[in-house]
Amino acid sequence: MKKNIKIIYQYDGSKFSGFQRQKSQKTVQGEIEKIIKNSFSQEINMISSGRTDKGVHAYEQVSNFFIDKNIPIEPIKRQLNKSLKGEIKILAINEVSDTFNARFDAKSRTYLYIMKLEDKITPFESSYVTPITKSIEVKKFQKIMDEFIGIHNFSSFMKKDKAYRNPVREIFYIKCYSENNTIKIEICGNGFLKTMVRIMIGSALSVYFEKENSDYIKKRLENPDENCKKILARSEGLYLYKVNY
């Protein structure tokens, strides 16, 4: 008999080559699965709320996996936190129903993006904040980002990904604000495609700084094309912020 374990955890994306398990690369999923295999002799396959790119962080990621009934769960939390100290932190672990699925049961996911003028960024922030060369007026940037709110085909704002055939997603809200000399953007939606948030932000920055026309985002949404050029914002300032079930 197996039991279904749900974990809520944080990680520093600068320490990993992305989230998804890869041969010969250090990844978030790969490290957690390896430690559980080595410590508890359990081969697990993590199901997760989403996959983050290389360099992208998580304030709150959620995964689940099945293990043998006789293994207590608190030692799993202790072992992971001990082995991955400074890179991954398990915030909570508990047994859930067999039907719980961290990916398909998620109602919404919220990402946070943090930017700051490059000459204000300290060496201690450089892996966690995206540098910008000129200041941003929040209300103006909010207006550009508002184009994304609603149900759209986001083919023009994703990297090609065989795992996701349906490019339609709904963005529930976007909130741009200034805090402690940083610009922060929260984007909440029912789901996100590969690299979608970074392409959304990169496109909006290009419009804001007049590298693209003011109707660039509107046209890309109205004429979805997965083969069009993609403008990527940097990964350092992006965080998986919250997952709601």
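The values are calculated or read from the model by the stated rules, or taken from the named source; none is laboratory data. Just so we're clear, the structure is a prediction, and the values are computed from it rather than from any experiment. Don't worry about glycine lacking a Cβ; one is built from the backbone with ideal geometry, like all the others, and counts go over all protein chains shown. The accessibility values were calculated without ligands, DNA or RNA, using every heavy atom of the protein model including side chains. Shrake-Rupley method; radii C 1.70, N 1.55, O 1.52, S 1.80 Å.
Quick look at the values:
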quantity	calculated
Pair list, Cβ under 9 Å, 6 or more apart: the range 151-166 residue modelled with pLDDT of 80 or more, other residue open to solvent by 20 Å² or more (accessible area, probe 1.4 Å) and among the aromatic types (Phe, Trp, Tyr)	Phe154/Phe192; Met158/Tyr164; Met158/Phe192
Single residue of the range 56-70 satisfying the filter (open to solvent by 20 Å² or more (accessible area, probe 1.4 Å) and touching a residue at least 40 places away in the same chain (Cβ under 8 Å)) that is nearest to Thr130 (Cα to Cα)	Tyr59
Hits in the range 191-219 (condition: among the hydroxyl-bearing types (Ser, Thr, Tyr), open to solvent by less than 20 Å² (accessible area, probe 1.4 Å) and not in a helix (DSSP H, G or I))	Thr195
Unique residue being at pLDDT 95 or above, touching a strand residue (DSSP E or B) at 6+ places or on another chain (Cβ under 6 Å) and not acidic (Asp, Glu) when the list is Ile183, Ile217, Ile231, Ile199	Ile183
Strands (runs of 3 or more DSSP E) enclosed by the range 84-174 - at least 2 residues per element that are over 24 Å from Lys184 (Cα atoms) and open to solvent by 20 Å² or more (accessible area, probe 1.4 Å)	88-96
In the range 1-34, residue farthest from Tyr128 (Cα to Cα) [restricted to those that are among the hydrophobic types (A, V, I, L, M, F, W, C) and free of Cβ contacts under 8 Å to residues at least 60 places away in the same chain]	Ile32
Qualifying residue in the range 62-72 (condition: in a helix (DSSP H, G or I) and closer than 22 Å to Cys188 by Cα)	no
Residue count, the range 96-142 (criterion: farther than 20 Å from Ser203 by Cα and among the polar types (S, T, N, Q))	7
Close pairs (7 angstrom Cβ cut-off, 6 or more residues apart or separate chains): closer than 21 Å to Cys188 by Cβ in the range 218-245, modelled with pLDDT under 95 and open to solvent by 90 Å² or more (accessible area, probe 1.4 Å) anywhere	Ser235/Lys54
Test set (1) within 30 Å of Ser135 (Cβ to Cβ); (2) without any contact (Cβ under 8 Å) to a residue 24 or more places away in the chain - Lys37 fails condition number	(1)
Candidates Phe157, Phe172, Phe141 - the one that is touching a Ser or Thr at 6+ places or on another chain (Cβ under 8 Å) and either of a type in the set (S, T, N, Q) or over 20 Å from Lys242 (Cα atoms) (or both)	Phe157
Flag for Ile185 being touching a residue at least 60 places away in the same chain (Cβ under 8 Å) and within 25 Å of Ile132 (Cα to Cα)	yes
Count of the range 7-27 residues which are open to solvent by less than 20 Å² (accessible area, probe 1.4 Å) and outside any loop (DSSP other than H, G, I, E, B)	4
Scan of the range 53-89 for residues that are more than 11 Å from the chain's Cα centre (by Cα) and among the acidic types (Asp, Glu), ordered by number	Asp68, Glu74, Glu87
